[in-house]
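Reviewing the structure listed below.
The values are calculated or read from the model by the stated rules, or taken from the named source; none is laboratory data. It should be emphasised that the depicted structure is a prediction, and the values quoted were computed from it without experimental measurement. Positions of Cβ are backbone-derived with ideal geometry, glycine not excepted, and every protein chain shown enters the neighbour counts.
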Amino acid sequence: MPRGRSGQADLATWAPAVDIYETESELVVNADLPDLQEKDIDVRVENNMLTIRGERKFEKDVNEDNYLRVERAYGSFMRSFSLPNTVKTEGIRAEYRNGALTVRMAKREGSKAKQIKINVSGNGK
């Protein structure tokens, strides 16, 4: 196999995959961050903007000349997401486990969905 760098992604720019969903009481962001240490991840909220940044370092345990193929991206990354006004920016919780970062943000009380009962009268009256 050729050892040239063409087609290899080492040190290429990468953006971790992210899922964002909401429940009745919170907004949740899940990010795939394999092979990172907690110290290499920075989570911030400023001006209603959630920013996740960090760095995945290329392991130097193996001599670079011994690699036949490198497809995974390494280096610094940054993902930013605009937060809706319904999110409380205080009390945000972040957890990193098994290569996945989960950020949980509570919604403001007034922003939670409320169900309204609709009364239907007979004969359209």
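Details
- Of everything listed in (1) modelled with pLDDT of 90 or more; (2) of a type in the set (Gly, Ala, Ser); (3) part of a loop (DSSP other than H, G, I, E, B), the single unmet condition for Ser76 is (3).
- Lone qualifier among Glu90, Glu24 - being modelled with pLDDT of 90 or more, assigned to a loop (DSSP other than H, G, I, E, B) and exposed (fewer than 10 other Cβ atoms within 10 Å of the Cβ): Glu24
- Single unsatisfied condition, Arg44 versus (1) assigned to a strand (DSSP E or B); (2) over 16 Å from the mean Cα position of the chain (by Cα); (3) not aromatic (Phe, Trp, Tyr): (2)
- Lone qualifier among Arg69, Arg97, Arg79 - being within 14 Å of the chain's Cα centre (by Cα) and either farther than 17 Å from Ala17 by Cβ or without any contact (Cβ under 8 Å) to a residue 60 or more places away in the chain (or both): Arg97
This table checks each residue for (1) outside any strand (DSSP E or B); (2) out of contact with any helix residue (DSSP H, G or I) (no Cβ under 9 Å at 6 or more places or on another chain); (3) more than 24 Å from Thr13 (Cβ to Cβ); (4) modelled with pLDDT of 95 or more.
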| position | (1), (2), (3), (4) |
| --- | --- |
| Leu50 | no, yes, no, yes |
| Arg69 | yes, yes, no, no |
| Gly110 | yes, yes, yes, no |
| Ala113 | yes, yes, yes, no |
| Lys117 | yes, yes, yes, no |
